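Novice: Would you mind keeping the following structure in view while I ask a few things?
The values are calculated or read from the model by the stated rules, or taken from the named source; none is laboratory data. Quick caveat: nothing in here was measured; it's all calculated off a predicted structure. Note: ideal-geometry Cβ built from the backbone for every residue, glycine included; neighbour counts use all protein chains shown. Just so you know, the surface numbers come from the protein's heavy atoms only, side chains and all, with ligands and any DNA or RNA stripped out. Shrake-Rupley method; radii C 1.70, N 1.55, O 1.52, S 1.80 Å.
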Amino acid sequence: MDAESARAVTGAIALTLFVLSLTVYVTALVTKDPDQEPNSLIGIKTRATKSSKEAWVAGHRAAYPFMMAAAIHCLASAVSIAGLLVLGFVPATAMLTLSAALALGGAVILTMSGLEADREAKRHARVG
């Protein structure tokens with residue numbers, strides 16, 4: 001991959017991480033509300049979290065710190081990548097590798113939030 005293509009892909013990753021940070025942040029805030037009902041639009045959807053309102057609230061309450069960590073990680077990653085792209089002194093292939101690693105880190109944190117939500121919801125669920 002040539003340097004210009006690597007920079008373009010890196011920029012796309014930064015933009016994606018920025019949008020993801022906003023999406024996860026809003027999701028975390030909305031689903032933290034104990035009055036939020038299980039729904040098809042927003043939230044962590046597993047059989048356990050959808051089994052009852054109590055399980056939904058418990059699962060999202062447990063996932064909240066992970067979701068906020070993911071939002072912060074994705075935002076910091078996006079800003080860092082964009083800043084390094086603007087400065088231009090880091091080789092393009094190194095930037096692409098760094099961007100991929102940071103995106104993978106965000107994916108790991110989000111996966112942890114889903115697992116924690118499911119685990120906590122199962123404690124409160126009526127899954128048969």
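Novice: P(r) of the chain in 10 Å steps, Cα pairs, percent per bin?
Specialist: Calculated P(r), rounded to whole percents: 15, 37, 23, 16, 8, 1.
Novice: Could you work out what % of the accessible surface of the chain is carbon and sulfur, using a 1.4 angstrom probe and leaving DNA, RNA and ligands out of the count?
Specialist: The C+S portion of the solvent-accessible surface of the chain is 66 percent.
Novice: On to the next question. Starting from the 7 Å offset along Cα-to-Cβ, what nm value, one decimal, do you get for the label separation of T97 and S52?
Specialist: About 5.1 nm, to one decimal.
Novice: Same structure, new question: Taking square-rooted eigenvalues a ≥ b ≥ c of the alpha carbon gyration tensor, is segment 32-103 rounded, prolate or oblate, where a/c under 1.5 means rounded and, failing that, a/b exceeding b/c means prolate?
Specialist: Since a/c reaches 1.5 and a/b is larger than b/c, the shape of segment 32-103 is classed as prolate.
Novice: Give me D for segment 1-67 in µm² s⁻¹, whole number, from Stokes-Einstein with Rh from the Kirkwood sum over alpha-carbon pairs, 20 °C and 1.002 mPa s. Kindly include the intermediate steps, with their values, before the conclusion.
Specialist: Numbers: Rh = 13.6 Å.
The estimated diffusion coefficient comes to 158 µm²/s.
Novice: What's the ranking of 42-52, 60-70, 5-15 by average number of surrounding C-beta atoms within 10 Å, highest first?
Specialist: 60-70, 42-52, 5-15
Novice: Right, next: Against the longest principal axis of the chain, how steep is helix 3-32, in degrees 0 to 90 to the nearest 10, with axes from Cα atoms?
Specialist: 20 degrees
Novice: Here's something else I'd like to know. Per-residue HN-Hα couplings for segment 47-56, Karplus 6.51 cos²θ - 1.76 cosθ + 1.60 at θ = phi - 60°, whole Hz, x for Gly and Pro?
Specialist: Computed from phi, the couplings for segment 47-56 are 4, 5, 5, 8, 6, 6, 4, 4, 5, 4 Hz.
Novice: Let me ask something else about it. Over the chain, what is the mean sequence separation of C-alpha contacts under 8 Å (at least six apart), divided by residue count, expressed as relative contact order in percent? Numbers along the way, then the final one.
Specialist: On the way: 170 pairs, mean separation 51.4, N = 128.
Once normalised by length, the contact order is 40 percent.
Novice: Keeping all protein chains in place, calculate the accessible area per residue for the chain (probe 1.4 angstrom), answer in Å². Write out the running numbers ahead of the final one.
Specialist: Values: 7140 Å² over 128 residues.
On a per-residue basis, the chain sits at 56 Å².
Novice: To continue, here is another question. Pulled fully out, how much extra length does the chain show between A8 and V86, if you take 0.36 nm times their separation in residues and subtract their Cα-Cα distance?
Specialist: 26.9 nm
Novice: Starting from 0.36 nm per residue, how many nanometres of slack lie between V79 and I42 once their C-alpha separation is accounted for?
Specialist: Between V79 and I42, full extension yields 10.7 nm more.
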